[in-house]
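The values are calculated or read from the model by the stated rules, or taken from the named source; none is laboratory data. All values derive from a computational prediction rather than experimental measurement. With ideal geometry, Cβ positions are generated from the backbone for all residues, glycine too; neighbour counts draw on all protein chains shown. Quick note on the areas: whole protein, heavy atoms, side chains included, nothing else; ligands and nucleic acids left out. Shrake-Rupley method; radii C 1.70, N 1.55, O 1.52, S 1.80 Å.
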Amino acid sequence: MVELIPREVLFGNPERLSPRISPDGTRLAWIAPHEGVLNVWIAPANAEAGVDWAAAQVVTDDTDRGIRMFAWAHDGRHLLYLQDTGGDENWRLHDVDLETMQRRDLTPFDGVQARLVAMERKFPTEVLVGLNRDNAELHDVYRLDLVTGELAKEVENPGFVRDTAEAQWRELLTIPADDALTSDAIAFSEDGSSLLGTTSVGANTGRLVRIDTTTGAQEVLAADPEADVGGIRLHPDTREPQIVAFEKDRAEYVVLDPSVSGDLAAIRALHPGDPMFAGHDDADGTWLVGFTNDSGAVPFFAYDRASQTGRFLFEHQPALSRYELAPMEPFSFTSRDGLTVHGYATFPPGAGRSALPMVLNVHGGPWARDSWGFDPEAQWLANRGYLCVQVNYRGSTGYGKAFVNAGDREWGGKMQDDLTDAVAFAVGQGWADPARVAIYGGSYGGYAALAGATFTPDLFRCAVDIVGPSNLKTLIETIPPYWAPMIAQFHRRVGDPAKDADFLWSRSPLSRARDIRIPLLIAQGANDPRVKQAESEQIVAALIEAGIDHEYLLFPDEGHGFAKPENRLRFYAAAERFLARHLGGRVEE
């Protein structure tokens, strides 16, 4: 087989990530490690000479979890970033003044979550911030003055449309429950006369529509019969849609504004991957573009619109180029009740395509999807000798409302059947050895792993659960307070603990813990606000009581997933040993 890719290369810190150009186009910011922790760096840049990497300097001073979300303020002086504590998701908004290097915690409130709501070129020293300070369930909008640091409440939540700042809020449209996961608001037009949104009302897939804010009349701007709108590039000033992406096996792009058709063609010529629009300067003359790439590192380019040329900036992890990676191959099959289910298969390079040990890697959400592109877990599994199968089971988004709604009240039911059918498909193709199949996943994927171990224990050799719920009743009863506006969705799509206690218990892996006959690896973050530590503790207690083979990893400084590289590397080392012990794959010593 091919050379082992070190876990450090796949799951350690990237070399560089998330380029952002300054509003005036003279500086580039990005995320990179500083003393082993991800921080924000800046360097001078221009269209002619490119980036002066030798002049790069780190401008933030995080020494713990690392920074992953940041943005330039439109004044070009302040860099804004979000950070939580130990994975608790109570994000605070910070800034650094690039002239004085003064750093501030702009929302220093305990137990409060900050969200960056909006920044406008017309108001370069002001930012709108959402804070659930007065009501833990709702984020009110505050106006933040970047000069003084003053926060003033601007609007109380809820609200939707008003004709003037003094007018009362009014309802513009109502989305039926069936369309809730395939509809969303995107942006108001520059003059406020219309709202861009996606909606599946009157159709199956989520279409891009323009809604008149006076009459509510809708105009369809872009639609695809097979896929929801997956991404939109807006003009930064007019907010008119220019490019729309529909995500199928790969992304497909539709140009709505002829003035950018040449730009898209020039960008697509830079790299065979699918482009991701990562930002622009205020003049909209320079675009930053990344390319999702299934068998290589993610490259980023600065694209100059005047010359329609792109300048390479960096790859997120250039060390990957030293190793042979595997392509991610789309496939589809028909479920036992007639639905078309899509997925991706990643085969181990140099190991053939038949009778392979297989890992069914289940995505989280569940209202999300797997996509084509670089996936470090898929590459890790394939490199270790496993066929990695990823399935967009019913309930996954992107395929229209009929498909996502087919997952309602089907946790542990037909959603799990789709995963079982995916195993049967892989075995039927001759790809997988039916005696060597593992189920693996995080969040909902962790629940699916536990469900596989309890509901179909003879199908899998072993299971890996990362921050997965074991009891659906306690999961729903302990969601974060700011998820309360979505509680009706949980009650509709999973179950209502007040009305469906017996049903939820029957679909909870904890109820069938004594049926487990395969080894489990369970990993949990102690500060997880979504899937509480008790969700793992109660299934572990049941495993201990029943004498079932298991390993349990608890990370005291993590939340819903593992942000710190030392924790990621510890988990993947344990998972690698676990899978090798039960499926026979390779291990990096």
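Can you compute the label reach from R517? Point 7 Å from Cα along the Cβ direction, backbone N cut-off under 16 Å, restricted to segment 449-474.
Taking a point 7 Å out along Cα→Cβ of R517, the residues of segment 449-474 whose backbone N falls under 16 Å are 452-463.
By the scheme Lys and Arg +1, Asp and Glu -1, what is the net charge of all other residues having a beta-carbon under 15 Å from that of E166?
On the way: positive: R162, R170; negative: E154, E156, D163.
Neighbour charge sum, excluding E166 itself: -1.
For segment 484-529, build the convex hull from the C-alpha positions and give me its volume per residue in Å³.
On the way: hull volume 5.4 nm³, N = 46.
Dividing the Cα hull volume of segment 484-529 by its residue count gives 117 Å³.
If the convex hull of the alpha-carbon atoms of segment 124-254 is projected onto planes in all directions, what is the mean projected area in square nanometres?
Numbers: hull surface 40.0 nm².
Quarter of the Cα hull surface area: 10.0 nm².
To check my understanding: the extent here is largest minus smallest coordinate of the Cα atoms along each principal axis. What are those three numbers for segment 285-363, in Å, largest first?
53, 34, 19
When the Kirkwood hydrodynamic radius is evaluated over all pairs of different C-alpha atoms of segment 1-89, what value in angstrom, to one decimal, is obtained? Please list the in-between numbers first.
Values: mean 1/r = 0.0692 Å⁻¹.
Computed over segment 1-89, the radius equals 14.5 Å.
Beyond 23 Å, what percent of the Cα pairs of segment 307-441 remain?
Result for the distance tail: 38 percent.
If you wrap a convex hull around the Cα atoms of segment 223-341, how much volume per residue is inside, in Å³? If you can, show how the numbers build up before the last one.
Working: hull volume 14.4 nm³, N = 119.
Cα convex hull per residue, to the nearest whole number: 121 Å³.
Once the piece of chain linking L138 and E190 is laid out straight, how much longer is it, given 0.36 nm per residue of separation minus the C-alpha distance between them? Each step should come with its number before you reach the end.
On the way: separation 52, 0.36 × 52 = 18.72 nm, distance 2.65 nm.
Here the answer is 16.1 nm.
When only the heavy atoms of the protein chains count and the probe is 1.4 Å, how do Y552, Y393, Y572 rank by accessible area, highest first? If you can, show how the numbers build up before the last one.
Details: Y552 60, Y393 0, Y572 25 Å².
I get Y552, Y572, Y393, largest accessible area first.
For an R0 of 51 angstrom, estimate the FRET efficiency from the Cβ-Cβ distance between A49 and V427 and round to the nearest 0.05. Let's see the in-between values first.
Details: r = 56 Å, r/R0 = 1.10.
In this case the efficiency is close to 0.35.
Could you please put Y323, Y447 in sequence from largest to smallest accessible area, using a 1.4 Å probe?
On the way: Y323 40, Y447 0 Å².
Result of the area sort, largest leading: Y323, Y447.
How are the C-alpha pair distances of segment 447-488 spread across 5 Å bins, as whole percents from the shortest bin up?
Histogramming segment 447-488 at 5 Å steps yields 5, 21, 22, 17, 14, 10, 7, 3 percent.
Tally up the carbon and sulfur contribution to the accessible surface of the chain as a whole percent, 1.4 Å probe, everything protein left in place. Mind dumping the intermediate values first?
Working: 11870 of 23650 Å².
Within the chain, the accessible surface is 50 percent carbon and sulfur.
Along each principal axis of its Cα atoms, how long is segment 178-274 end to end? Whole angstroms, biggest number first, please.
Dimensions of segment 178-274 along the principal axes of its Cα atoms: 43, 31, 16 Å.
Please give the per residue accessible area of the chain, computed with a probe of 1.4 Å over protein heavy atoms only, in Å².
40
Could you estimate the translational diffusion coefficient of segment 509-589 from the Stokes-Einstein equation, with Rh from the Kirkwood formula over C-alpha pairs, at 20 °C and 1.002 mPa s, in whole µm²/s? Each step should come with its number before you reach the end.
Working: Rh = 13.7 Å.
Answer from the Stokes-Einstein relation: 157 µm²/s.
Based only on Cα atoms, what mean projected area does the convex hull of segment 453-589 have, in nm²? Please list the in-between numbers first.
Numbers: hull surface 37.0 nm².
Dividing the Cα hull surface by four gives the mean projection, 9.2 nm².
Semi-axes of the equivalent ellipsoid for segment 84-153, please: Cα gyration tensor eigenvalues, times 5, square-rooted, ordered largest first, whole Å. Intermediate results must be reported in sequence, preceding the final value.
Values: eigenvalues 85, 49, 18 Å².
Three semi-axes, in Å: 21, 16, 9.
Starting from the Kirkwood Rh over alpha-carbon pairs, what translational D in µm² s⁻¹ does segment 373-520 have by Stokes-Einstein at 25 °C and 0.890 mPa s?
Values: Rh = 16.2 Å.
Taking Rh from Cα pairs, D becomes 151 µm²/s.
Can you compute the FRET efficiency between T334 and D257 using 1/(1 + (r/R0)^6), with r the Cβ-Cβ distance and R0 = 25 Å? Round to the nearest 0.05. Please report the intermediate quantities before stating the final value.
Values: r = 39 Å, r/R0 = 1.55.
Given R0 = 25 Å and the Cβ-Cβ separation, E is 0.05.
Evaluate the distance, in nm, between pseudo-label points positioned 7 Å from the Cα of S506 and of D549 along their respective Cα→Cβ axes.
Taking the two extended label points, one gets 3.2 nm.
Using helices alone, what [θ] at 222 nm do you get for the chain, with -39,500 (n - 2.57) per DSSP H run of 4 or more residues, divided over all residues and rounded to the nearest 500? Don't jump to the answer; show the numbers that get you there.
Working: 11 runs with 105 residues, N = 589.
That comes out to -5000 deg cm²/dmol.
Pop a pseudo-label 7 angstrom from the Cα along the beta-carbon direction at both D458 and A526 and give the gap in nm to one decimal.
Roughly 4.2 nm, to one decimal.
How many nm separate the modelled label positions at L172 and E219, each set 7 Å beyond the Cα in the direction of the Cβ?
It works out to 1.5 nm between the two label points.
Could you state the orientation-averaged shadow area of the convex hull built on the Cα atoms of the chain, in nm² to one decimal?
Average of the hull's projected areas for the chain equals 26.3 nm².
Using each residue's phi in segment 397-412, evaluate 6.51 cos²θ - 1.76 cosθ + 1.60 at θ = phi - 60° and report the 3J(HN,Hα) Karplus result to the nearest Hz, with x for Gly and Pro.
Values per residue, Gly and Pro as x: 8, x, 10, x, 6, 4, 6, 5, 6, 5, x, 4, 6, 10, 4, x Hz.
When the C-alpha atoms of segment 33-148 are aligned to their principal axes, what extent does each axis show, in angstrom, from largest down?
50, 37, 22
What FRET efficiency, computed as 1/(1 + (r/R0)^6) with R0 = 25 Å and r the Cβ-Cβ distance, is obtained for A484 and T164, rounded to the nearest 0.05? Please report the intermediate quantities before stating the final value.
Details: r = 30 Å, r/R0 = 1.20.
The calculated FRET efficiency here is 0.25.
Please list the non-local residues whose amide H lies under 5 Å from the amide H of E558, H modeled 1.01 Å from N, same-chain partners needing a gap of 5 or more.
A526, N527
Rg and Dmax of segment 420-467 over Cα atoms: what are they, in angstrom?
Taking only Cα atoms of segment 420-467, I get Rg and Dmax of 10.6, 32 Å.
Could you work out how much longer the chain between D110 and A355 gets when fully extended? Use 0.36 nm per residue separation minus the Cα distance between them, nm to one decimal. Numbers along the way, then the final one.
Working: separation 245, 0.36 × 245 = 88.20 nm, distance 5.37 nm.
So the extension gain works out to 82.8 nm.
Between R586 and E154, what is 0.36 nm times their sequence separation minus the Cα-Cα distance? Round to one decimal in nm. If you can, show how the numbers build up before the last one.
On the way: separation 432, 0.36 × 432 = 155.52 nm, distance 5.69 nm.
Residue separation times 0.36 nm, minus the Cα-Cα distance, leaves 149.8 nm.
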